[in-house]
Each structure stands twice: as structure tokens, then as C-alpha cells.
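Before any comments, here is the structure.
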Amino acid sequence: MTDPITRFYQNQLPEAELKNNILSARCPFCEKKGAPAATLAVVLNPESYFHGYFRCLDFCVAGGFPLHFARLRGIDLRLVPGFDPDRDHGTARIDYPLRNINHEILEFMDRLTGDLRRRFRTMGIGDTLLARMQIGYNGRYLVYPYIQADGNCYSARCVHPDRPEDTFWHGDETFAGPGFRIFNSRDIDACENGSLIITEGEESLLAIKQLGLPVVAVPAATDLEHLAPDRFAWLRTIFLWVGNSAQSEAAARALATRLGYKVRLIAWPATAPKNCTPARLAAAEGEDFRRTAFALIRDARSFSPFSSPEREHLRFLETLEQESGNSYRTMRSGFAGLDRALGGIHGLNIMGGTPKAGKSCFFIQIASEMARRRIPVIYYDFENGRQKIYLRTVCRLARLSVEQVKDHAPGDEERKRLQAAQRDLRQMLPWFRVVTDRSLSPELMRRHIDFLRHETNSDYTLVVIDSLHKLPFKNFSERRTGIDAWLRQLEAIRDELDVSFLVISELSRGRDGRYDGQPQLGSFKGSGDIEYSADNALVFLPRWDPFTDSGREQRTNELWLVASREQSPGQVGTYRLDYPFWGFVEEPAAG
């Protein structure tokens with residue numbers, strides 16, 4: 001079954017022949033002008049962006065899509081596929097002056113020299129197109145007429161053939177202003193409901209137009225910023241094909257941002273020379289330019305808020321490969337029970353606990369042990385201070401108390417252990433970065449992570465935050481809003497940079513001022529978003545009184561997994577305080 005656009009053209013051109021997705025017929029517009037009829041070609045390929053585009057091979061009229069065809073032939077627009085009766089199909093209402101420069105344009109056309117014609121032919125641009133586009137010469141400069149919607153020319157741009165930077169405008173200054181600097185602007189209205197190419201420079205337009213494609217041009221990339229999105233509102237697809245330079249590409253992207261989803265950016269191949277343009281490419285490739293141009297158009301990437309399907313698939317395969325590699329497997333806490341329960345330290349892990357329960361001590365131990373295995377770790381500390389973190393790490397590694405370390409370990413054996421621990425600390429510090437900056441922001445965190453990943457040449461990074469409720473907020477009266485905003489940022493960083501998080505949170509007190517002895521997701525303080533953000537939510541509960549000093553050697557904490565995206569909730573394990581060495585020992589599982 002044929003589609004509506006194909007049926008429309010076949011009904012209007014009953015004698016036409018369809019072959020290889022091209023409908024060919026005698027051009028009715030040539031006949032209307034009393035000229036010998038050339039061939040009218042219509043692209044009829046529903047998979048093409050130019051499906052329904054017609055053009056006279058003799059350029060007798062501006063080519064376009066079905067609505068333009070109907071207007072030229074006087075067909076009732078209600079019979080045309082895609083007609084919208086509520087749409088204003090007219091162009092902008094402009095009061096054109098009585099005086100134009102049409103007669104001067106004709107004089108300039110007559111002065112176009114043979115050498116200049118041959119110059120255009122090196123770019124594949126024929127004499128017929130030059131005549132239809134009314135390209136002229138004033139004796140020193142090529143003259144490009146900027147014809148307006150009423151069919152008249154009020155201003156023309158004059159460009160030196162050998163020095164394209166040497167230009168000036170001739171005619172009415174008003175029509176040389178930013179709002180009128182669109183060469184061949186009539187193609188915009190002709191392409192309603194269809195596709196159009198926007199390029200940079202008149203010569204590039206002519207090279208593309210010679211291929212039979214609808215195209216408009218601005219004099220230079222800087223003029224793209226003056227194009228009004230409303231002018232292109234009724235186009236279905238816009239291709240941007242500008243020069244191969246950083247400035248042109250940036251200008252094209254800025255325009256694409258304003259025009260939206262309908263834009264497709266034509267990317268230059270890696271082998272293209274710097275500052276190449278479609279016109280220069282046409283001159284360099286000769287007869288091959290057609291094949292190259294259509295290939296570039298076919299491969300043009302949409303200016304989309306989404307990653308390309310190809311990139312998504314490659315990203316999936318790369319991540320799958322990473323997660324089956326050694327780097328992913330090394331993301332372990334060092335506590336066997338915890339690693340079994342979580343499948344390793346991955347994603348966003350939030351652990352709540354009562355004050356003085358040993359949350360910081362627990363995470364310092366995990367972080368420093370991972371750093372010893374050369375996993376990059378950033379420890380954001382707002383609780384203890386850098387010196388205490390290093391000191392407690394040395395105590396645990398040397399199995400010495402704080403007092404013994406500060407006394408430089410009076411015994412020979414203790415001194416050897418202290419020296420070994422100091423060496424371990426020094427060797428781990430390239431992978432263990434403690435940050436106490438209270439002006440931390442998500443952007444700064446991203447820079448820290450990016451630096452450490454490149455510095456250590458690592459695929460993964462562990463970030464520890466001690467604690468969530470002490471992260472900087474703009475407004476302290478809106479703490480809950482600030483915590484939720486930070487959680488959103490941590491989720492984004494996790495996904496963008498393959499970061500694992502260990503985050504300390506506070507627990508809420510009950511009405512009696514006590515902490516709930518039953519671990520549950522509702523115990524977390526200050527954010528209802530933890531249950532949505534955390535890949536794993538844990539609760540670290542002491543089975544002793546944190547506010548007494550008795551029996552510190554026998555203190556044990558239970559770690560519970562209260563919510564998880566992939567793991568089963570339940571008790572993870574029991575951890576005995578390794579007093580006075582600032583560490584924990586995981587008790588063997590019962591049975």
C-alpha cells in the first residue's frame with residue numbers, strides 16, 4: 001500500500017514513472033512559463049528525510065514539498081497530506097519598499113565572466129543553477145542577491161572571489177540586517193512539513209543545491225545566532241552543515257539548542273581538513289562529492305537529549321566487561337560477611353547509626369583497607385578531622401593505642417610495628433584522599449573524583465561521606481530539602497562516573513528521646529528520599545550503652561541491611577570493637 005504523499009503525487013502527475021524511489025514526469029512549471037519542459041523529479045521514499053521533495057532539473061521553480069507543490073499549481077490545500085487549517089501558512093508580514101535592485105542584479109548577471117563560471121564548475125556548480133540563482137559580478141566582486149519572499153531583491157552581498165573575507169553589502173541597508181541575512185530564504189516556506197539544510201556561505205549553498213537538495217545559507221557562522229526559531233517552526237527536519245572549525249561547530253550547536261529536537265548535525269569525517277566547507281569539499285572530490293554528501297547526510301546525528309543507540313549499546317557492553325573484570329571484584333570492604341551481603345561495595349550505600357556507635361571508625365577501616373589495595377578513595381570528613389583519621393588508621397595498622405603512638409612506641413617490637421604502619425600509611429595516601437573542605441559542592445566533588453581517577457588510572461572510585469547531615473547547604477533552615485538535593489547529586493555522580501558511595505547518616509529519636517532498637521528504613525533522620533536513593537540502606541546498632549565506659553573490649557554492634565535494590569534484607573553480621581586500636585572485627589556467623 002502506498003502512503004498519502006506518494007498517492008498525492010501520483011494523482012497530480014498521472015503520466016509520471018516511478019523508478020528507484022524517484023517519480024519522474026514532464027515539469028508542469030516549465031510548461032506554465034512557456035519554456036521547454038524539463039524533468040520534474042520527486043523523491044518518494046518513506047524512509048528518507050526528503051520523502052515528497054520535488055524539483056525541476058532545470059531549476060525553473062524552487063523545489064519543495066507537497067504544500068509548496070499545491071500552492072504553485074493552485075491545488076486546494078485541503079487535498080494535500082499534512083495540511084493544517086489552523087496554521088498560518090503565510091510568511092512574516094513585511095512592508096517592502098517600492099524601490100528594489102532587480103535591474104542591477106540582471107546587469108551583474110550579464111557580467112559574470114567565463115573564468116568565474118569555470119571556477120564554479122570546479123565545485124560542480126553549473127551555469128543553469130547560477131542563472132536561476134541570479135549570481136552576478138560587478139567587475140571585482142561576486143554578487144549574491146538575497147531575494148525576499150515577494151520575489152524582489154533589495155540587498156546583495158558582494159564577495160571577493162579570491163579573498164572571501166573581503167565583503168560588503170550593496171543596496172538597502174535594512175535588508176542587509178541580521179533578520180534578512182538568509183540566502184535563498186524562499187526554500188524555507190517551500191519545505192513546509194519537510195526537510196531543509198542550513199549551511200554557511202553562498203558557495204556551499206550552490207554546491208549543495210546542485211545536488212538537488214533544499215538549502216539556505218547564512219554568510220558566516222556568526223550569523224546563525226540571528227536566525228529566529230519561529231522562522232523554521234513548520235519544518236520537520238533541519239540539517240546543519242557548517243564549516244569544519246570549532247567556531248562554526250559551536251555556533252551550529254547553539255542554534256540547534258534553540259531549534260530543538262528537529263535538528264541533525266552533519267559531522268565532518270576525521271580526514272577532512274580544518275576549515276573545510278561543502279564548497280571546498282565539492283571542488284576536492286569532483287564527481288564523488290554527491291556520494292560523500294549523501295553519506296554525510298544519512299549519518300547526521302540528531303541533536304538529541306538522549307545518547308545515540310550505538311553509544312548506549314557500547315556503554316552497556318563496556319560496563320558489562322568492567323563488571324566481570326578484576327577492578328570490579330576488588331571493590332570489597334574486607335569484611336567477608338558484609339561483602340557477601342552486598343555483593344561488594346557498589347552503588348550508593350547509606351548507613352545510619354546512633355551517636356558514638358562507631359560509624360566513622362567502621363568506615364575509616366573499610367576506606368583505608370581499600371586504599372591499601374590501591375583502590376582510589378576520597379573521604380569527605382565533617383566529623384573528626386584529617387589528623388584523627390590518619391592517627392586512628394596508624395593505630396589499627398600498628399595495633400597500638402593512641403597514647404602509644406604519641407609516645408613513639410617505647411618498646412622495640414611496638415616501634416617496629418609503628419614504623420611499618422607509618423610506611424603503609426605513606427604508601428596508601430596516593431589512593432586515600434581526606435577532604436575537610438566545608439564549602440564542598442557537587443561540581444567540586446566531580447572534579448575531585450575525575451582527578452583521582454586519572455591520577456591513579458583506575459576504573460572505579462570509593463567516596464565516603466561522614467556525614468550526610470553535615471554536607472554544606474545553602475540555607476540551613478531547609479536542611480531536609482538540601483539533603484534530598486545532595487542525594488539526587490550523589491545518584492547522578494554514581495551513574496556518570498562509576499562511583500561507589502559509603503554515606504553515614506543519623507537516625508531519628510522516638511517520642512521518648514530514645515533510638516529505636518528495631519532496625520528499619522523509617523529510622524533514618526531528615527530525609528524521606530533515602531529509601532528511594534540508596535542502593536543499600538544499612539543500620540549499625542550497638543548492643544551496649546554508648547554513653548558508658550564499662551566493658552569497651554566486649555562492645556559489639558549489629559549491622560542490618562534494611563532495604564536493598566538487589567540483595568535480601570536482614571542481619572549482615574556482628575562486629576566487635578577491637579579496643580583500643582580503632583577498628584572492628586567481624587564475628588563468625590552463627591552455625
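All of the numbers you see were taken from the coordinates with simple rules; none came from a lab. On a predicted model such as this, the values are computed, not experimentally measured, just so you know. FYI the Cβ positions are ideal-geometry reconstructions off the backbone, even for glycines, and counts take in every protein chain you see.
A few notes on this one:
- The chain - mean residue ellipticity at 222 nm from DSSP helices (-39,500 (n - 2.57) per run, n ≥ 4, rounded to 500): -10000 deg cm²/dmol
- The residues Ile101, Ile22, Ile345, when put in order of fewest to most other Cβ atoms within 10 Å, stand as Ile22, Ile101, Ile345.
- Links that overshoot a 20 Å alpha carbon limit, given the list Lys406/Lys470; Lys359/Lys470; Lys19/Lys209; Lys388/Lys525; Lys359/Lys406; Lys356/Lys406: Lys406/Lys470; Lys19/Lys209; Lys388/Lys525; Lys359/Lys406; Lys356/Lys406
- Annotation: amide H of Thr461 within the under-5 Å range of Ser500, sequence separation 5 or more or interchain, hydrogens built in the peptide plane.
- Percent breakdown of C-alpha pair distances by 5 Å bin, ordered from the shortest bin, for segment 251-323: 3, 13, 17, 18, 16, 15, 10, 5, 2, 1
- Between the entries (1) 0.96; (2) 1.07; (3) 1.20, the label attached to Rg/Rh (Cα atoms, Kirkwood Rh) calculated for this structure is (3).
- Residues whose placed amide H lies under 5 Å from that of Ser467, excluding near-sequence neighbours: Phe382
- Degrees, to the nearest 10: 442-456 long Cα axis against longest axis of the chain: 80 degrees
- Using alpha carbons only, the radius of gyration of segment 102-302 set against its Kirkwood radius gives Rg/Rh = 0.94.
- Angle between the chain longest axis and helix 246-259 axis [Cα atoms, degrees, rounded to 10]: 90 degrees
- Calculated FRET value between Leu521 and Arg253, using beta carbons and R₀ = 45 Å, to 0.05: 0.55
- For Val61, the residues whose modelled amide H falls within less than 5 Å of its own, excluding neighbours fewer than 5 places apart on the same chain, are Cys56.
- Pairs of Cα atoms farther than 14 Å apart, segment 4-79, %: 57 percent
- Cβ crowding within 10 Å, taken as a proxy for footprinting-reagent exposure, orders His68, His454, His51 from fewest neighbours to most as His454, His51, His68.
- Global dimensions of segment 330-586 from alpha-carbon coordinates: Rg and Dmax equal 18.0, 55 Å.
- Among Tyr379, Tyr96, Tyr53, Tyr390, a tally of other beta-carbon atoms within 10 Å of each Cβ gives an order, fewest to most, of Tyr96, Tyr390, Tyr379, Tyr53.
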